[in-house]
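Heads up, the thing below is written out as structure tokens.
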Amino acid sequence: IQAYGFSETGSHLVMKKYQAKEVKTKGTDIIIRNLNSGSNQLVGNVADYEFNDAGTYLALRMDATEKLGNGVQLVNLKNNNIEVLDSDTATYTALTWHKEKNALAFMKTTSDTSHVGETYLVFAYPDVTKTSSGKVFHQTEHNAFPKNSKIVDYAGLKWSKDGNTVFFGIKDWEIKKEEPKDTSAIARLNEGLDSTNVAVWHWKDAEIQPRQEVRKKRLLEANYLSAWHLQSGDFV
């Protein structure tokens with residue numbers, strides 16, 4: 001066992017097993033042990049898991065071989081029933097429970113042909129006891145969503161206290177461009193050379209190179225806080 005966690009009520013213990021050496025995904029087997037009955041339930045391909053605050057539900061993020069069966073599943077700890085909230089060959093992330101309510105949110109990767117990299121769909125279940133009430137935020141369906149922007153995963157998801165709003169971060173989304181092939185003599189001379197160890201200093205730089213390196217990650221992850229109001233469907 002490499003990790004474990006108790007439900008808030010102490011009725012269940014989840015134990016995460018080590019991965020087999022040949023497995024390249026983040027998913028592995030977990031054992032859900034009912035401490036009242038002594039029964040064990042084995043679930044495979046689980047990348048991570050989160051109990052709700054009341055300890056009555058367990059959310060599972062799946063990461064399977066070749067992405068077949070990826071998704072988010074919900075375990076009802078009262079009867080051990082498992083419900084698939086969403087399943088796809090995409091990557092899922094940011095399992096986030098409301099601190100007090102039975103509200104769950106998570107992200108799923110998506111992309112298009114005109115931009116570099118991926119953006120995310122945001123799923124929100126204001127009440128997991130009624131999973132049919134789940135909602136999905138797709139940026140292309142909102143006129144207020146800035147053009148050529150994307151949703152980022154590193155800002156995470158946050159619930160408002162009343163459970164009616166989900167917050168996430170957005171930033172500029174790079175447009176794909178066709179780079180013209182440089183056939184000049186200099187390009188031919190430089191072909192195959194590694195330029196990654198070259199740092200170019202400029203006397204007009206606001207910050208010197210070492211300072212830029214220190215701030216690089218923070219600058220790359222800069223984003224704008226945004227709000228998705230679930231009842232009205234508005235994006236701000």
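The values are calculated or read from the model by the stated rules, or taken from the named source; none is laboratory data. Please read these numbers as outputs of a predicted model, since none were measured by experiment. Note that each Cβ is placed from the backbone with ideal geometry, even for glycine, and that neighbours are counted across all protein chains shown. Just so you know, the surface numbers come from the protein's heavy atoms only, side chains and all, with ligands and any DNA or RNA stripped out. Shrake-Rupley method; radii C 1.70, N 1.55, O 1.52, S 1.80 Å.
Quick look at the values:
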item: Residue under evaluation residue 132, criteria (1) loosely packed, with under 14 Cβ neighbours inside 10 Å; (2) modelled with pLDDT of 95 or more, criterion not met; result: (2)
item: Sole exception among (1) outside any helix (DSSP H, G or I); (2) out of contact with any Leu (no Cβ under 7 Å at 6 or more places or on another chain) for residue 211, by number; result: (1)
item: Filter result (of a type in the set (Asp, Glu) and either open to solvent by less than 10 Å² (accessible area, probe 1.4 Å) or outside any strand (DSSP E or B) (or both)) within the stretch 37-70; result: 53, 63, 66
item: Top-ranked residue of the stretch 135-181 - restricted to ones that are in a strand (DSSP E or B) and among the β-branched types (Val, Ile, Thr), ranked as surrounded by the fewest Cβ atoms within 10 Å (Cβ to Cβ); result: 175
item: Residue match in the stretch 19-31 (condition: over 21 Å from the mean Cα position of the chain (by Cα) and modelled with pLDDT of 95 or more); result: yes
item: Unique match (being free of Cβ contacts under 8 Å to residues at least 40 places away in the same chain, farther than 28 Å from residue 83 by Cβ, out of contact with any helix residue (DSSP H, G or I) (no Cβ under 8 Å at 6 or more places or on another chain) and outside any loop (DSSP other than H, G, I, E, B)) among 193, 225, 189; result: 189
item: Qualifying residue in the stretch 71-89 (condition: closer than 22 Å to residue 22 by Cα, among the polar types (S, T, N, Q) and surrounded by 18 or more Cβ atoms within 10 Å (Cβ to Cβ)); result: no
